[in-house]
Amino acid sequence: MTTHLINFLLFALGAAIGIKFADIDLAPPLRLKHRSVWTHGPLITWLVIYLLGLFPWGYWFAVGFLPANAIHLLADMFPRNWKGGALIKLHPIKRDLAPILSFVWLGFGAYVSFDRWLDLTGQLWGWWTL
């Protein structure tokens with residue numbers, strides 16, 4: 001019973017952090033612009049997978065984090081208009097990706113996050129392979 005509770009709490013914590021983590025570039029101590037290439041793409045997913053290899057006890061955290069991160073990136077693919085804050089920032093270069101490249105980068109990040117989630121959870125139900 002206790003193991004299931006800990007797993008659920010890790011999952012819930014991962015989902016709660018994952019849905020907002022890409023916006024960590026808004027944190028004042030970080031010198032990133034909002035929608036940074038570092039946080040709004042596949043790099044965070046790859047970091048989570050790498051850390052999972054070092055800390056396997058974080059499996060349920062990753063299972064919650066990855067789909068939530070993918071949902072965040074998918075939501076960012078549909079701003080009101082593709083200019084200004086909606087574009088991916090190439091920090092430290094003071095340039096933005098073009099609208100279509102911003103869309104592709106966000107989509108690729110969402111795909112990688114969802115794909116890694118499917119890879120992790122395939123052992124839970126085994127019927128889905130990509």
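Throughout, read-outs are computed from the coordinates displayed, never taken from laboratory work. Everything numeric here is computed off the predicted structure, so don't read it as measured data. All Cβ positions, even for glycine, are placed from backbone atoms using ideal geometry, and neighbour counts span all protein chains on display.
Can you tally the net charge around G18? Count Lys and Arg as +1, Asp and Glu as -1, for every other residue whose Cβ sits under 14 Å from the Cβ of G18. In short, 0.
Candidates F8, L120, L26 compared by Cα position along the dipole of the stretch 2-125: farthest toward the positive end lies L26, with charges placed on Cβ. Here the dipole of the stretch 2-125 is about 520 debye; that uses its Cα centre as origin and unit charges on the Cβ of Lys and Arg (positive) and Asp and Glu (negative). Length available on full extension from N81 to Y111: 0.36 nm per residue minus the Cα-Cα distance, which gives 8.6 nm. For the chain, the calculated P(r) over all alpha carbon pairs, in 5 Å bins from 0 to the bin holding the longest distance, is 2, 11, 19, 22, 18, 12, 8, 5, 2, 1, 0 percent. When the helices of the chain are scored as -39500 (n - 2.57) per DSSP H run of n ≥ 4 and the total is divided over every residue, the value at 222 nm lands at -20500 deg cm²/dmol.
Can you give the angle from 0 to 90° between the axis of helix 43-54 and the longest principal axis of the chain, with both taken from C-alpha atoms, to the nearest 10? Result, in degrees: 30. Taking the number of Cβ atoms within 10 Å of each Cβ as an exposure proxy, the fewest-first ranking of T121, T2, T39 is T2, T121, T39.
All other residues whose Cβ lies under 13 angstrom from that of R31 are scored, Lys and Arg at +1 and Asp and Glu at -1, for a net of +2. Relative intensity of the stretch 15-85 on a log10 scale, I(q)/I(0) at q = 0.18, 0.25 Å⁻¹, equals -0.72, -1.17, per a Debye sum over C-alpha point scatterers of equal strength in the absence of solvent.
Axis of helix 59-76 versus longest Cα principal axis of the chain: the two differ by about 30°, to the nearest ten degrees.
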